[in-house]
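J.: Quick one: this structure, given as structure tokens, is what I'll be asking you about.
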Amino acid sequence: MSNLFTRIKDSISADLNDLLDQKEQKNPIAMLNQHLRRCEKEVKRVRELIDRQYLLKDTFMKEYHQAADMAAKREHQADIAEHAAETELAGFARKEQQDYAEKATRLKSAYEKNLRQIDQLEQKYADMKRKLKDMYLKRMELMSRENIANASRRIDHVIRPDQAFGQSFSKFEESELYLERLEQKVNADYHHNTIDARIRQIERELEKKGTEARS
């Protein structure tokens with residue numbers, strides 16, 4: 001039951017990831033993310049297979065000890081039967097002792113072979129993890145490059161839209177021109193008002209002097 005829930009959860013997760021990838025299909029990182037998810041599943045699957053080999057190794061060793069013990073037991077029983085002149089019983093015990101001994105030899109060979117295979121699998125598994133780590137780092141590099149490219153495009157859209165859109169002026173240039181025009185207008189208004197105020201002051205001074213002269 002737990003495996004069923006796990007498969008359902010993984011299926012839902014995979015569907016969600018696919019939807020995200022479809023939503024970001026214009027993003028070049030999406031394909032890499034999908035590939036990495038497949039690699040992660042493969043690494044997980046390999047780990048499960050290796051763990052299963054460890055279980056088989058333990059089983060081989062357990063069966064080997066049982067077969068070796070039975071071979072020793074039948075050998076001892078054969079010796080007793082022969083000592084008691086029980087020829088048929090001794091023959092039966094010797095036959096089983098030989099079968100158990102051969103079985104123990106096969107199991108020991110399988111156990112040793114399994115050890116070598118586990119060692120090889122562990123090495124390959126470690127190599128897979130290193131390669132997966134390298135792909136993670138590569139994704140980070142690509143994401144960094146993509147971020148820089150996106151930032152550069154946005155900057156170009158603002159600073160040099162003529163290159164991006166074929167327009168004559170950038171937003172900054174338009175803003176700068178507007179500020180220059182505004183500054184010129186403010187300065188002109190200031191000077192205009194200042195001149196008007198100065199002229200009115202001169203006129204008042206002249207009128208005052210004329211009044212004083214007549215009195």
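The values are calculated or read from the model by the stated rules, or taken from the named source; none is laboratory data. Predicted model, so just to flag it, every value in this text is computed and none were measured. With ideal geometry, Cβ positions are generated from the backbone for all residues, glycine too; neighbour counts draw on all protein chains shown. Heads up: the accessible areas ignore ligands, DNA and RNA and are worked out on the full protein's heavy atoms, side chains in. Shrake-Rupley method; radii C 1.70, N 1.55, O 1.52, S 1.80 Å.
J.: In whole Hz, what ³J(HN,Hα) sequence does segment 124-140 give by Karplus (6.51, -1.76, 1.60; θ = phi - 60°), x for Gly and Pro?
T.: After applying 6.51 cos²θ - 1.76 cosθ + 1.60, I find 5, 5, 4, 5, 4, 5, 5, 5, 5, 4, 4, 5, 4, 5, 5, 4, 4 Hz.
J.: Further question: Once phi is turned into ³J(HN,Hα) by the Karplus curve 6.51 cos²θ - 1.76 cosθ + 1.60 with θ = phi - 60°, what whole-Hz value does each residue of segment 106-120 show in order, with x for glycine and proline?
T.: For segment 106-120, the Karplus-derived couplings read 4, 5, 5, 5, 5, 4, 5, 5, 5, 4, 5, 5, 4, 4, 5 Hz, x marking Gly and Pro.
J.: With r defined as the distance between the Cβ atoms of Leu89 and Ile118 and R0 fixed at 30 Å, what FRET efficiency is calculated, to the nearest 0.05?
T.: Once rounded, the FRET efficiency stands at 0.10.
J.: Keeping every protein chain present and rolling a 1.4 Å probe, give me the accessible area per residue for segment 42-81 in Å².
T.: 67 Å²
J.: Could you sort Leu89, Leu115 by accessible area so the largest value comes first, with the probe set to 1.4 Å?
T.: The most accessible residue leads, giving Leu89, Leu115.
J.: As a quick test, which of the pairs Lys62/Lys131; Lys41/Lys62; Lys44/Lys108; Lys185/Lys208; Lys44/Lys113; Lys108/Lys129 have an alpha carbon distance above 27 angstrom in this structure?
T.: Those over the limit are Lys62/Lys131; Lys41/Lys62; Lys44/Lys108; Lys185/Lys208; Lys108/Lys129.
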